[in-house]
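This report refers to the structure that appears directly beneath it.
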Amino acid sequence: MKSIKLPTVASLLLGGGALLVCPLVSLAAEEEEIISKEDLNQIVVEATEAAREWAVRLREYQGGKAESSTYMGIVIEPVPGVLRDYVDLPKGVGLLLPKIAKDGPADKGGLKDNDIIVSFDDQLIVNISQLSTLIDMKAPGAPVPVRVLRKGGELPLEVPLEERMRRGSHFFVPAAPGAPEPPEVPDM
C-alpha cells in the first residue's frame, strides 16, 4: 500500500486553503503522520463536498436568495426544575444557556456557558420562541441589554447582535473568519 506524508497532501488538495477546508488533513498534518491512498481519497471526497456546500451557500448569499437575520450565538434550553428551585427562579421565567458560541455575539457581550437569561432588551424572558422573536426584531450591530443569573447573582450585560444569513432552516455567517474562497463548482 502506498502512503503519502500529510503536508504534501495538504498542499496538493487546495493550495493554502486546504487546511481550512479539510480539518482531517489539518489535524494529522500537524503531526506529519503518514496516510494511505484510500484514506486520502476519503479526505478528498469530504473536502470536495464541503467546498461544494460552501460554494452553494455563497452563491445564494451573493444572489440575494438568502435572508438576513440577527443572532446571539447561544444554545437555549428551558431551565430544569431542580435548577429553578435552587436559584429561586419563578416558574415560567428565564432560559438556560448551556452553550455560548466562542467569539459569537453573546461571548463578546460577556455571557458564559450555563448562564440563565432572565431579560432581553428590558423584557422578561418566558419562552424560547419569545427570545427568538426578540432577537430577530433587532438590527445587526445593535447592542442589547440583557440580564442573566450566574452563580446566584444577577448581572446586567450588553450583547452586540450580529448578522447571519438564513435560507430555510440553514444558517451561516457571511463573513466567517478565515473562510477559504470556494472553488468553481459546475451546476448540477
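Table for the structure above
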{"read-out": "Hits in the stretch 68-84 (condition: closer than 16 Å to Glu154 by Cα and among the charged types (D, E, K, R))", "value": "Arg84"}
{"read-out": "Hey, Ser119 of a type in the set (Ser, Thr, Tyr), farther than 10 Å from Gly94 by Cα and either touching a strand residue (DSSP E or B) at 6+ places or on another chain (Cβ under 8 Å) or open to solvent by 70 Å² or more (accessible area, probe 1.4 Å) (or both) or not", "value": "no"}
{"read-out": "Residue within the stretch 149-160 that is touching a residue at least 12 places away in the same chain (Cβ under 8 Å), within 11 Å of Tyr71 (Cα to Cα) and touching a helix residue (DSSP H, G or I) at 6+ places or on another chain (Cβ under 6 Å) present", "value": "yes"}
{"read-out": "Residue among Gly73, Gly110, Gly63 that alone is modelled with pLDDT of 95 or more, open to solvent by less than 60 Å² (accessible area, probe 1.4 Å) and of a type outside the set (Lys, Arg)", "value": "Gly110"}
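The values are calculated or read from the model by the stated rules, or taken from the named source; none is laboratory data. Note that this is a predicted model, so its numbers are computed, not measured. All Cβ positions, glycine included, derive from the backbone under ideal geometry; neighbour counts span all protein chains shown. Heavy atoms of the whole protein, side chains included, go into the accessibility calculation; ligands, DNA and RNA do not. Shrake-Rupley method; radii C 1.70, N 1.55, O 1.52, S 1.80 Å.
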